[in-house]
Amino acid sequence: MERGWAGFSTPETHGKWSLRASATGELVFDNVKVPKSHVFTTVKGLKGPLSCLNSARYGIAWGAIGAAMDCYMSALNYSKERIQFGRPIGGFQLTQKKLAEMITEITKAQLLTWRLGVLKNEHRATPAQISMAKRNNVFMALTIAREARQIHGGMGITGEYPIMRHMMNLESVITYEGTHDIHLLITGMDVTGIAAFE
Ligand SMILES: Cc1cc2nc3c(=O)[nH]c(=O)nc-3n(C[C@H](O)[C@H](O)[C@H](O)COP(=O)(O)OP(=O)(O)OC[C@H]3O[C@@H](n4cnc5c(N)ncnc54)[C@H](O)[C@@H]3O)c2cc1C
């Protein structure tokens, strides 16, 4: 498709509170005529776009771990520096519970995604396995961002720490490249053999 063709427009999406550093827009097709010269010669059906999505979703699975690690590290450092009631807040059991659960979930996600990478190198990773990793890791990162925000107390809402930036960006990531719910349905279809969606 090329800009300027009749019926094809690309309006920009304004007012975003997530991924604000990048431009986002719609591709609108209204009775567009595509000449044969612009049809892919080697790609048939949806296979091309879907293989592209598979790679992007695999990348997102790793990217989400990075966001989770940044939130965790910030919370860990803050918990050792912030003194309340005469001791670092990292010395309280409830803070340690949050940190211990964060690093456990990060480690589980790393292992899941590392295994997926091994399968991908062997050309054995299935789209459903990639769905599982994307869905799990983004949700894990969002949950960790929220817990990390709590450890930072009121300071956690400021731009002095990376938490809110990750949290807001992850709200896009949980929706794009396949929504959280649709990836769940893909896993459901994978284990039952029955599609719950059209
Ligand atoms: C910042 C940003 C960047 C983006 N970049 C791209 C891009 O580069 N390329 C691209 O192609 N798209 C991109 N998208 C679009 C993104 O992929 C879509 O927003 C996403 O697929 C959801 O589609 P939708 O917004 O139309 O929501 P809808 O399809 O309207 O879904 C709304 C809700 O209903 C649920 N739902 C819908 N259908 C069903 C069903 N059958 N069963 C159960 N639940 C259902 C969904 O899970 C979701 O929770 C981007 C989006 C954002 C926010």
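The values are calculated or read from the model by the stated rules, or taken from the named source; none is laboratory data. In this text, all values refer to a predicted model and were calculated from it rather than measured experimentally. Cβ coordinates were reconstructed from backbone atoms using ideal geometry, including for glycine residues, and neighbour counts include every protein chain displayed. Areas reflect the complete protein model, heavy atoms only, side chains present, ligands, DNA and RNA absent. Shrake-Rupley method; radii C 1.70, N 1.55, O 1.52, S 1.80 Å.
From the list ALA125, ALA148, which residue is touching a Leu at 6+ places or on another chain (Cβ under 8 Å), in contact (Cβ under 8 Å) with a residue 60 or more places away in the chain and surrounded by 15 or more Cβ atoms within 10 Å (Cβ to Cβ)?
Working: ALA148 fails: touching a Leu at 6+ places or on another chain (Cβ under 8 Å).
Every option except ALA125 fails the conditions.
Just one of the numbered conditions (1) surrounded by 12 or more Cβ atoms within 10 Å (Cβ to Cβ); (2) in the same structural domain as LYS108 (by TED's automatic domain parsing); (3) not basic (Lys, Arg) is not true of TRP5; which one? Checking TRP5 against (1) surrounded by 12 or more Cβ atoms within 10 Å (Cβ to Cβ); (2) in the same structural domain as LYS108 (by TED's automatic domain parsing); (3) not basic (Lys, Arg), the one that fails is (2).
Being surrounded by 12 or more Cβ atoms within 10 Å (Cβ to Cβ), away from the ligand (no atom under 16 Å from the Cβ) and not assigned by TED's automatic domain parsing to the domain that holds ILE144: is that true of TRP62 here? Against the criterion (surrounded by 12 or more Cβ atoms within 10 Å (Cβ to Cβ), away from the ligand (no atom under 16 Å from the Cβ) and not assigned by TED's automatic domain parsing to the domain that holds ILE144), TRP62 does not qualify. All conditions but one from (1) in contact with a Gly (Cβ under 9 Å, 6 or more places away or on another chain); (2) in contact (Cβ under 8 Å) with a residue 60 or more places away in the chain; (3) not acidic (Asp, Glu) apply to ASN54; the one that does not is (1). Annotation for region 8-20: at least one member residue is within 16 Å of the ligand (Cβ to nearest atom), among the acidic types (Asp, Glu) and loosely packed, with under 10 Cβ neighbours inside 10 Å.
Every residue, every condition in (1) open to solvent by 40 Å² or more (accessible area, probe 1.4 Å); (2) within 22 Å of GLN110 (Cα to Cα); (3) β-branched (Val, Ile, Thr), yes or no:
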position: ALA141; (1), (2), (3): no, yes, no
position: PRO162; (1), (2), (3): no, yes, no
position: GLU171; (1), (2), (3): yes, yes, no
position: ILE174; (1), (2), (3): no, yes, yes
position: THR179; (1), (2), (3): yes, yes, yes
position: ILE186; (1), (2), (3): no, yes, yes
position: ILE194; (1), (2), (3): yes, no, yes
position: PHE197; (1), (2), (3): yes, no, no
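Within region 67-106, the residues that satisfy the criterion of being surrounded by 12 or more Cβ atoms within 10 Å (Cβ to Cβ) and under 19 Å from the mean Cα position of the chain (by Cα) are ALA67, ALA68, MET69, ASP70, CYS71, TYR72, MET73, MET102, ILE103, GLU105, ILE106.
Looking at VAL32, VAL43, can you tell me which residue is assigned to a loop (DSSP other than H, G, I, E, B), free of Cβ contacts under 8 Å to residues at least 12 places away in the same chain and surrounded by 11 or more Cβ atoms within 10 Å (Cβ to Cβ)?
Details: VAL32 fails: free of Cβ contacts under 8 Å to residues at least 12 places away in the same chain.
Among VAL32, VAL43, only VAL43 is assigned to a loop (DSSP other than H, G, I, E, B), free of Cβ contacts under 8 Å to residues at least 12 places away in the same chain and surrounded by 11 or more Cβ atoms within 10 Å (Cβ to Cβ).
May I ask you to list pairs of residues, at least six apart or on different chains, whose Cβ atoms are under 6 Å apart, with the first in region 176-196 being in a helix (DSSP H, G or I) and the second being within 10 Å of the ligand (Cβ to nearest atom) and open to solvent by 80 Å² or more (accessible area, probe 1.4 Å)? Here the result reads LEU185/ALA196; GLY188/ALA196, each pair linking region 176-196 to a residue that is within 10 Å of the ligand (Cβ to nearest atom) and open to solvent by 80 Å² or more (accessible area, probe 1.4 Å).
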